[in-house]
Every structure is written in structure tokens, then in C-alpha cells.
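The values are calculated or read from the model by the stated rules, or taken from the named source; none is laboratory data. The shown structure was predicted, so the numbers you read here are calculated from the model rather than taken from an experiment. When we count neighbours, we look across all protein chains shown, and the Cβ atoms used for this are built from the backbone with ideal geometry, even at glycine.
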């Protein structure tokens, strides 16, 4: 049973998340040779102040 965890910055629409889940599920099933029913996808929105890139918080590097 594959479990795919996706951590992204907030701001994606439900439609974008739906497409991401569908695509990740389909391609994982194709590559791993397992059923789509056995694949779990967890999407977690991570606040900018809780994510660092290149030694900086994303809230500093990418202000709104």
C-alpha cells in the first residue's frame, strides 16, 4: 500500500489538489504495478513561516 505525502505551500485550489491526487495515483499505479485503490495520497499545506528554503524562511523569501 503506497502512501504518498505531499507538502506544499498554501494557495492551491481544490481542483489543483484533485488533479494532483489523480495524477500521482495513476502514475504510481502504472510504475509500481499496484491497484489505484491501494494508493493513499496525503496533501499537507505548510505555512510559509514553517518552511525554509536556501537558509531562509519562505515567509521572508516569498512575502505576500
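Please specify each residue of the range 43-52 satisfying the condition of being touching a helix residue (DSSP H, G or I) at 6+ places or on another chain (Cβ under 9 Å) and either more than 17 Å from residue 63 (Cα to Cα) or outside any loop (DSSP other than H, G, I, E, B) (or both).
43, 48, 49, 50, 52
Just to be sure I understand the filter: pairs with C-beta atoms under 6 Å, separated by 6 or more residues or on different chains, first member in the range 13-42 and in a helix (DSSP H, G or I), second member surrounded by fewer than 13 Cβ atoms within 10 Å (Cβ to Cβ). Which pairs pass?
25/36; 29/36; 38/1
Of all the residues that make up the range 1-12, how many are assigned to a strand (DSSP E or B) and within 21 Å of residue 62 (Cα to Cα)?
Residues flagged as assigned to a strand (DSSP E or B) and within 21 Å of residue 62 (Cα to Cα) within the range 1-12 amount to 3.
Going through 43, 31 one at a time, which residue ends up being at pLDDT 95 or above and surrounded by 14 or more Cβ atoms within 10 Å (Cβ to Cβ)?
43
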